[in-house]
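Values in this text are rule-based calculations from the coordinates and carry no lab data. All figures in this text were calculated on a predicted structure; none of them were measured in a lab. Here the Cβ is made from the backbone with ideal geometry for all residues, glycine too, and neighbour counts use every protein chain on show.
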Amino acid sequence: MDKMVKIWIINKAVEMVKGKIYKNEIVNKAKTGAEKFDAIANGFWEKLESYVLKEKEIDRKWIPNFIEEIGEDTVLACIKELKTKLVPSEFIQQIFDFEKKGNKNIL
């Protein structure tokens, strides 16, 4: 079960980072790449925790209930473990590189 929660959290992290990359590109167009990157990376874990807990509250018909009913303590424990294994700046850079590779004109 923990492995499924970790996969779900990582997918939510990717979703959050991609959204912030595109939003930053639109809102902060005049800023440098480093400033945009820092805006996403600063407070990464707090933003992810908040985002995941909000997403968990949404009832989606295509997601099995046993995933939606995961306790907050399990989610927070998985995020705590991921903090020791995932470097936000590297994670964000990998997502950025992947998105840029897919469409060079988009970012």
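Calculate one ³J(HN,Hα) per residue across the stretch 76-89 by plugging θ = phi - 60° into the Karplus curve 6.51 cos²θ - 1.76 cosθ + 1.60, and present them in order as whole Hz with x for glycine and proline.
5, 5, 5, 5, 4, 5, 4, 4, 7, 10, 10, 9, x, 4
What is the dipole size for the chain, taken about its Cα centre, with +1 at each Lys and Arg Cβ and -1 at each Asp and Glu Cβ, in debye to the nearest 20? Let's see the in-between values first.
On the way: 20 positive and 18 negative charges, 110 e Å.
Charge dipole, the chain, about its Cα centre: 520 debye, nearest 20.
Count charges around G19 for me, please; just the other residues with Cβ under 13 Å from its Cβ, Lys/Arg as +1, Asp/Glu as -1.
Numbers: positive: K12, K18, K20, K23, K47, K54; negative: E15, E25, E55, E99.
Net local charge, G19 excluded: +2.
Please give me, ordered by residue number, the GluC sites (Glu not before Pro) of the stretch 42-102 that lie in loop per DSSP and have at most 13 other Cβ atoms within 10 Å. The partial results should precede the final answer.
Numbers: sites: E46, E49, E55, E57, E68, E69, E72, E81, E90, E99; in loops: E69.
Here the sparse-neighbourhood loop sites are E69.
Going down the list K3/K100; K23/K56; K31/K61; K3/K31, which pairs span over 31 Å between their C-alpha atoms? Spell out each step's value before the answer.
On the way: K3/K100 29 Å; K23/K56 22 Å; K31/K61 40 Å; K3/K31 38 Å.
Violating the 31 Å limit, Cα to Cα: K31/K61; K3/K31.
At 7 Å along Cα-to-Cβ for each site, give me the label-to-label distance between E25 and E99 in nm.
Between E25 and E99, the label points sit 0.6 nm apart.
In a GNM of the chain with a 10 Å cut-off on Cα contacts, which of I40, I95, I26 has the highest mean-square fluctuation?
I26
Angle check, please: helix 2-27 long axis (alpha carbons) against the longest principal axis of the chain (alpha carbons), in degrees 0 to 90, nearest 10.
Helix 2-27 and the main axis of the chain meet at about 30 degrees.
Looking only at K12, K83, K47, which one moves most when the chain is put into a Gaussian network model with springs between Cα atoms under 10 Å?
Between K12, K83, K47, it is K83 that shows the largest mean-square fluctuation.
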